[in-house]
């Protein structure tokens with residue numbers, strides 16, 4: 001069953017006529033060169049960019065609902081969005097930042113809210129510096145804190161734009177595993193899912209169920225990683241010769 005359905009979505013000058021569906025329990029990787037429309041697609045799905053077309057969300061038990069018709073608080077509970085870069089205008093503690101994820105639920109001070117906040121910090125391995133100020137952390141540490149804020153909100157759908165860009169190998173792996181676990185979750189009979197934009201094609205091949213290859217705002221290929229990465233148009237889209245080794249599982253992509 002689809003968690004979200006996108007039909008002929010367009011954002012002026014950025015995304016053109018995109019149609020796709022995210023299945024429940026799926027991790028979908030959006031790949032493509034800089035300027036291909038990945039971030040704009042995620043922003044429009046989060047309701048942060050005006051767009052044309054239809055975006056429907058499986059808001060069980062009421063079934064598929066037009067996302068634009070849902071109240072903002074409902075959308076904030078259903079969808080967690082991580083932009084490419086985050087910043088705080090104030091020197092807040094890590095615990096304060098993560099607690100912002102509970103705002104749609106209005107329960108940050110309750111036992112349930114505090115448990116969700118702690119769980120999110122444990123998931124992102126930031127609990128040990130919960131009392132430190134966000135602006136005193138490294139870029140990679142801050143990235144984990146901002147993703148912990150998303151997890152604290154317990155959304156059904158996570159939209160993450162380059163969530164591992166500033167992280168070392170250990171934390172890249174940890175975050176991809178955490179996103180996989182989120183997609184595998186079922187809460188009260190309701191499924192979850194993840195859509196993330198990635199530049200690392202090998203991470204995408206290893207951790208995503210399907211890939212969406214974009215160029216100039218349109219989808220050039222969509223399907224299992226081995227099929228998308230074997231697409232003969234791939235080198236031209238990225239502008240350099242590539243060697244895709246399909247003998248490995250998952251496939252390995254290297255500059256030729």
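The values are calculated or read from the model by the stated rules, or taken from the named source; none is laboratory data. Computed from a predicted model, the values in this text were never measured in an experiment. Ideal geometry is used to build each Cβ from the backbone, glycine not excepted, and the neighbour counts take in all protein chains shown.
Pick from 248, 199: which is over 17 Å from residue 42 (Cβ atoms) and part of a loop (DSSP other than H, G, I, E, B)?
Every option except 248 fails the conditions.
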Next item on the list: Hey, could you check the stretch 90-121 for residues that are modelled with pLDDT under 95 and either under 25 Å from residue 74 (Cα atoms) or in a helix (DSSP H, G or I) (or both) and say which is farthest from the chain's Cα centre (by Cα)?
Entry: 109
Next item on the list: Sort out for me the strands (runs of 3 or more DSSP E) sitting completely within the stretch 1-79 that have 1 or more residues that are under 14 Å from the mean Cα position of the chain (by Cα) and crowded, with 21+ Cβ neighbours inside 10 Å.
Entry: 2-11, 15-23, 27-31
Next item on the list: Could you tell me which numbered condition residue 181 fails, if it satisfies all but one of (1) farther than 20 Å from residue 101 by Cα; (2) under 14 Å from the mean Cα position of the chain (by Cα)?
Entry: (1)
Next item on the list: Please work out if residue 135 is in contact with a helix residue (DSSP H, G or I) (Cβ under 7 Å, 6 or more places away or on another chain) and without any contact (Cβ under 8 Å) to a residue 60 or more places away in the chain.
Entry: no
Checklist line | Residue list for the stretch 174-190, restricted to those being under 25 Å from residue 1 (Cβ atoms) and crowded, with 20+ Cβ neighbours inside 10 Å | finding: 176, 178, 179, 182, 183
Next item on the list: Give the number of residues within the stretch 122-163 that are farther than 28 Å from residue 192 by Cα and outside any helix (DSSP H, G or I).
Entry: 5
Next item on the list: Starting from residues that are surrounded by fewer than 15 Cβ atoms within 10 Å (Cβ to Cβ) and free of Cβ contacts under 8 Å to residues at least 40 places away in the same chain, keep the ones in the stretch 231-245 and report whichever is farthest from residue 16 (Cα to Cα).
Entry: 245
